Every structure is written in structure tokens, then in C-alpha cells.
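Structure incoming, see below.
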Amino acid sequence: DVKVTQSSRYLVKRTGEKVFLECVQDMDHENMFWYRQDPGLGLRLIYFSYDVKMKEKGDIPEGYSVSREKKERFSLILESASTNQTSMYLCASSLSGTGSGEQYFGPGTRLTVT
Amino acid sequence: KQEVTQIPAALSVPEGENLVLNCSFTDSAIYNLQWFRQDPGKGLTSLLLIQSSQREQTSGRLNASLDKSSGRSTLYIAASQPGDSATYLCAVRIGGYNKLIFGAGTRLAVHP
């Protein structure tokens with residue numbers, strides 16, 4: 001079974017702090033994704049990566065950056081956390097190429113910024 | 001721009017009912033469509049994936065259909081159980097890199 005793990009289930013940070021959210025997958029997937037999920041807005045793509053050191057902006061990249069130094073690990077960085085970044089953050093991974101591209105999700109991190 | 005809509009937003013049914021959840025998308029140029037389940041406060045679990053060339057997929061009591069030309073998919077749940085209570089999300093894969101566009105979900109409650 002594919003396993004996607006996220007470093008924390010719950011996180012509370014203060015405004016202005018630098019926040020790191022980590023995601024690890026164990027199935028040698030090329031693609032990794034970070035989403036945020038908010039009531040009424042659904043899941044929105046923040047950033048994704050299709051290879052080590054490669055990244056692409058999603059629909060809402062402002063206020064975030066990412067890092068992918070190893071294939072299995074994809075980090076989301078909030079350079080200076082703000083209250084409007086309080087949300088549920090979900091990581092996912094998938095194979096690339098012409099396969100099904102089925103995405104597998106981690107359990108999520110509920111981030112609260114006070 | 002691709003938009004995905006799910007109807008209804010919420011559904012409450014008695015145990016044992018067969019039910020249909022609807023998903024529509026505006027651009028038929030999709031690679032595939034995926035149905036997910038999400039329990040409160042948890043991540044997403046993939047239920048079914050239908051390739052653009054397929055018409056339906058089945059897994060146990062779940063059956064998903066796809067009509068790409070009309071931009072519609074349905075998730076059929078047979079003989080619903082309280083354990084089926086969750087939010088069901090559909091998502092379409094567009095373009096390269098397996099990007100998904102999600103609907104807002106249908107919140108299902110199955111009561112005994």
C-alpha cells in the first residue's frame with residue numbers, strides 16, 4: 001500500500017513565525033502536491049513538484065514556498081505565518097507519465113495561526 | 001477554466017437506501033476522474049478512478065460512471081450503511097503532472 005505521511009496532525013503557530021510542514025511518501029512517486037482545504041472553498045492546489053528540485057506553482061502559491069531535496073520528501077514552508085493561513089493542509093503523491101496518475105493523500109495537518 | 005460541481009451538497013438517508021452522488025465538470029478534456037472519501041478531520045481516501053476512455057468502474061457496493069461528452073459522473077452506493085457517512089469528493093485530472101481539480105464535495109449521513 002502507498003503510504004503518505006505528514007509530520008504533524010495538529011500545529012499551532014504564532015503570526016510571523018516560519019512554519020515547516022513535511023510530507024514523506026514511500027512509493028517512489030515522481031509527483032508530489034500540497035493542497036489546502038477550507039470550508040466552502042474545497043481543496044486548492046498550492047504547489048506541486050514533478051521531480052527532485054523541480055516545482056510548479058498551483059492556484060494559490062502566495063505566502064508559501066516549497067522544497068524537494070529528495071524524491072520521497074516534499075516540504076511546504078510558510079515564510080511568515082498569518083492568520084489567513086489557518087487551514088487544513090493535505091499532501092499527496094502520484095506516479096508520473098501516462099499511467100493512471102491516481103493521487104494518494106496523507107492524513108492532513110490542521111494548522112492554526114494565532 | 002475547468003470547474004467541478006457536486007450536487008447535492010449534503011444528503012441524509014436511512015440505512016439500506018441506494019443513492020447517487022453527482023459530479024459535473026465544464027471541460028471534457030480530462031485524463032481521468034477520481035472519487036474520494038473524506039472522514040471528518042482526516043485525509044482523502046481514493047475510492048475509484050475512471051480513465052477518460054472508460055464508462056464505469058466498480059468496487060464492492062460502489063459504482064462510478066463517466067460520461068465525458070456531457071461532463072458528468074455519478075457515484076452509486078448500494079445498500080448504504082452508517083459507516084458510509086463521510087464527505088465524498090470528485091476530482092478531474094487535467095493537463096500534465098496529474099493536476100486535479102476538485103469539487104466541493106457531498107456530505108453524506110446514513111442514519112440507522
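Any read-out appearing in this document is the output of simple, stated calculations on the displayed coordinates, not a laboratory observation. Note that the structure is a prediction, hence the values are computed from the model and not measured. Backbone-built Cβ (ideal geometry, glycine too); neighbour counts: all protein chains shown.
Restricting attention to segment A:72-93, which residues are assigned to a strand (DSSP E or B) and either more than 14 Å from every other protein chain (Cβ to nearest Cβ) or under 13 Å from residue A:28 (Cα atoms) (or both)?
Within segment A:72-93, A:73, A:74, A:75, A:76, A:77, A:78, A:92, A:93 qualify.
Applying the selection to segment B:1-48, what residues are free of Cβ contacts under 8 Å to residues at least 60 places away in the same chain, crowded, with 16+ Cβ neighbours inside 10 Å and touching a Gly at 6+ places or on another chain (Cβ under 8 Å)?
Answer for segment B:1-48, where residues must be free of Cβ contacts under 8 Å to residues at least 60 places away in the same chain, crowded, with 16+ Cβ neighbours inside 10 Å and touching a Gly at 6+ places or on another chain (Cβ under 8 Å): B:24, B:42, B:43.
When residue A:69 is evaluated against the numbered criteria (1) acidic (Asp, Glu); (2) more than 10 Å from chain B (Cβ to nearest Cβ); (3) under 24 Å from residue B:102 (Cα atoms); (4) in a strand (DSSP E or B), which criterion, by number, is the only one it fails?
(3)
Restricting attention to segment A:88-114, report how many residues are surrounded by fewer than 20 Cβ atoms within 10 Å (Cβ to Cβ) and either of a type in the set (S, T, N, Q) or farther than 17 Å from residue A:14 by Cα (or both).
Number satisfying all stated conditions: 10.
Restrict the check to segment B:84-93 and report whether at least one residue is away from every other protein chain (no Cβ under 11 Å), over 18 Å from residue A:37 (Cβ atoms) and out of contact with any Ser or Thr (no Cβ under 6 Å at 6 or more places or on another chain).
yes
Just the residues that are more than 8 Å from every other protein chain (Cβ to nearest Cβ) and over 14 Å from residue A:76 (Cβ atoms), please, taken from segment A:42-58.
If the condition is that a residue be more than 8 Å from every other protein chain (Cβ to nearest Cβ) and over 14 Å from residue A:76 (Cβ atoms), then A:51, A:52, A:53, A:54 are the ones that fit.
Every residue in segment B:70-105 that is touching a residue at least 24 places away in the same chain (Cβ under 8 Å), part of a strand (DSSP E or B) and farther than 12 Å from residue A:42 by Cβ, please.
Across segment B:70-105, the qualifying residues are B:72, B:73, B:74, B:75, B:76, B:77, B:86, B:88, B:92, B:93, B:94.
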